[in-house]
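For reference, the structure discussed in these notes is given below.
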Amino acid sequence: MNAGKKVAVIGGGAAGMMAAIAAAEAGAEVILLEKNEKTGKKIYITGKGRCNLTNSCADEDFFSHVVSNPKFLYSAVYGFDSAAVCGFFERAGLRLKEERGGRIFPASDHASDVIRALNGRMEELGVEVRLNSPVRSVSREYADHGAGGFVIALSGRESVRADSLIVACGGKSYPATGSDGKLYEKLCALGHSIKEPLPALVPFDIAEKEECAAAQGLALKNVGLSVKDGKKTIYEGFGEMLYTHFGLSGPLVLTASSYYQKKHPGEAKLFIDLKPALSHEQLDARVLREFEENKNKDLSNVLGSLLPGKLREVFPDRLGIPAGKKVNSITREERRILVETLKSLEYNITGCRGFEEAIITQGGVNVKEVDPSTMESRIVPGLYFAGEVLDVDAHTGGYNLQIAWSTGHLAGLSAAAALP
């Protein structure tokens, strides 16, 4: 037990609470500093309030879902993987369930139960949790014999001293929850560099806004999506998406946005394959069959069997064919255009929505300046990082919270083990 030696944690989110727990379990005296009036404020809104806390995929598959710097996470994830996370929460009394795609949720469907489990464990371990404690500055304190610690200045004249410091303050997404990026400047003052923070897992703004607004609320399932910059494909995927008043959203679009932001933060084209199970030839045969069976009907009526919901209303304009045109007068070229549009419905991306709507932040502390085996700074001894403050991000589906648990756990263990 490192009696009298203190670990301070900045940030009471997923990574910060797990870091505090791991450090306390390793025998350190721990104080957690949270700027909000309660811990876990962002966790409360994850998974639409249900908290998709991890994913049951195999460890070796996990890294294929990481967009930025997957290799950096090897030690952290293998050391505290999804099975370990589930075990932790189950021991804390939280019943879990698995849903489609390996997503793990609390059985109650209440994110508040995840927070309750974390707070309960911190209380059991004697972690001092100090709420309403925004950090003004962080400085390194050196003793005459070469050792030293940190001074964390809070509001007013209050300050906290610690032998080791874990920064788990989050990124800039959902700033109303407290992760506003204000600590980046303070980390730069300590010598660290910051990769430009960008909103990630965020909806797209689309140039064809009126068309999207006309289809607002329409959810598409089992569609293909690709994002391209000229001939270069930035992203390809399959899944679910949603039309909104400003553009496109939904799981498939959110994942695409992370690759778009990383590779091409500007204008690009998005293509939706509404019939991914059919080749062009198979789809053409189906359309021809529909036409033959409904020869005397208007095109708008036949589109009802080929298109979901509100898309039936906007499609004729896309095709450049009058909605009232009889199917028996549709030319071969017009049918080809219909098939091509069903297989590759094109939209122009003008950009992403802002941090207020982003699930996570892409960018953050440069991972080249952090030891992946300990989460310790390579620049400032005794300084550790965990969670979204690092330049690591992943797909939706529980992967980003797994990163928070894994890096938080490793940072906490390392900080406690390194105490003099």
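Nothing in this text is a laboratory measurement; each read-out follows from the coordinates by a stated rule. If you're wondering where the values come from, they're calculated on a predicted model, not measured in any experiment. Glycine gets a Cβ as well: all are built from the backbone with ideal geometry, and neighbour counts include every protein chain shown.
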Theoretical ellipticity at 222 nm over the chain - DSSP helices of four or more residues, -39500 (n - 2.57) apiece, nearest 500:
-9000 deg cm²/dmol
Plugging the Cβ-Cβ distance of Ala153 and Glu124 into 1/(1 + (r/R0)^6) at R0 = 22 Å yields, to the nearest 0.05, a FRET efficiency of 0.15
Förster radius 60 Å - calculated FRET efficiency between Asn132 and Glu281 (Cβ-Cβ, nearest 0.05):
0.40
Could you size up the charge dipole of the chain around its Cα centre, putting +1 on the beta carbon of Lys and Arg and -1 on that of Asp and Glu, and report it in debye to the nearest 20?
520
How far is it, in nm, from the label point at Glu60 to the one at Lys263 when both lie 7 Å from their Cα along the line to the Cβ?
2.5
How much length would be gained if the chain were fully extended between Asp317 and Cys188, taking 0.36 nm per residue of separation minus their Cα-Cα distance, in nm to one decimal?
41.2 nm
Protection proxy ranking of 278-287, 48-57 - average other beta-carbon atoms within 10 Å, highest first:
48-57, 278-287
Sorted by Cβ neighbour density within 10 Å, fewest at the top, the residues Glu34, Glu128, Glu29, Glu356
Glu356, Glu128, Glu29, Glu34
Packing-based exposure ordering (other Cβ within 10 Å, fewest first) of Leu338, Leu154
Leu154, Leu338
Is the C-alpha gyration tensor of segment 68-217 telling us rounded, prolate or oblate? Criteria: a/c under 1.5 is rounded; beyond that, a/b larger than b/c is prolate, otherwise oblate.
oblate
Which percent of Cα pairs goes in each bin when the distances of segment 13-81 are cut into 5 angstrom slices starting at zero?
3, 13, 17, 19, 22, 18, 8, 1
Just to confirm my numbers, what's the Cα centroid distance between segment 164-217 and segment 93-117 in Å?
25
Mind checking the dipole of segment 203-353: about its Cα centre, +1 per Lys or Arg Cβ, -1 per Asp or Glu Cβ, Debye to the nearest 20?
160
Between Glu290 and Lys221, how many nm apart are label points set 7 Å from Cα along the C-beta direction?
1.9
If you wrap a convex hull around the Cα atoms of segment 285-376, how much volume per residue is inside, in Å³?
190
Residues Leu401, Leu198, sorted so that the one with the fewest Cβ neighbours within 10 Å comes first
Leu198, Leu401
Could you calculate the contour length gain from Asn328 to Glu240, that is, 0.36 nm times the residue separation minus the distance between their Cα atoms, to one decimal place in nm?
28.3 nm
